[in-house]
Amino acid sequence: MPTASFTRHICHDADELLEMVANVEDYPTFINLISALRITKKISETDFEAEAIVAYKMIRESFKSLIHIERDKKFIRVTKAEKGGAVKTLENTWKFHPLSDGTTAVEFFVDVSLKAFPLNMLIRDKMDKASDVIMDAFTARAKQICKPVKSDGLDLTAEYKRLGLV
């Protein structure tokens, strides 16, 4: 299955970033691949189901996912919903680690496979680039809607080591 995993230093508050990522219905405004996204079912205070329509060139597919948010742990998990759609399997996690200067280390992981073999092969070959494009879109969106946090002289290596990210 195509996977991508990386950590990015982002100069915004961890809680603000978590809320931005949790606001899935806003994704179509800043992620070109997503033409529509709506919450279809609220399951609890921490869980909901959403349906996305993804469009790329001549391809247009929809899928449902389950979103689980743990605000106290600064964690979001996205998995494939049980029924229908183009996605065969999906595991996506976001972890927001506050750093000592108020900025955030964002851990991103995605593992996805699609039902259509040709699309699965296409995404496998493009997964790293697609993940970078998506993370760049989130970073750009954070610059638009989140208060910036100044980062002067932060030793990222030491911070990542302190958090067990190295």
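Quick check on residue 7: is it among the polar types (S, T, N, Q), in contact (Cβ under 8 Å) with a residue 40 or more places away in the chain and in a strand (DSSP E or B)?
On the way: among the polar types (S, T, N, Q): yes; in contact (Cβ under 8 Å) with a residue 40 or more places away in the chain: yes; in a strand (DSSP E or B): yes.
For residue 7, the condition - among the polar types (S, T, N, Q), in contact (Cβ under 8 Å) with a residue 40 or more places away in the chain and in a strand (DSSP E or B) - is met.
Please return the ranges of strands (runs of 3 or more DSSP E) entirely within the range 72-166 where 3 or more residues are at pLDDT below 90 and touching a strand residue (DSSP E or B) at 6+ places or on another chain (Cβ under 8 Å).
Working: elements: 75-80, 87-98, 104-114.
Fully inside the range 72-166 and qualifying: 87-98, 104-114.
Scanning the range 10-55 for residues being modelled with pLDDT of 95 or more, in a strand (DSSP E or B), buried (at least 16 other Cβ atoms within 10 Å of the Cβ) and not aliphatic (A, V, I, L, M) gives a total of 3. Quick check on my filter: what residues within the range 56-70 are at pLDDT 95 or above and over 15 Å from residue 24 (Cβ atoms)? Once the filter is applied, which keeps residues that are at pLDDT 95 or above and over 15 Å from residue 24 (Cβ atoms), the range 56-70 yields only 70.
The values are calculated or read from the model by the stated rules, or taken from the named source; none is laboratory data. A quick note: this is a predicted structure, and the numbers were derived from the prediction, not measured. Note: ideal-geometry Cβ built from the backbone for every residue, glycine included; neighbour counts use all protein chains shown.
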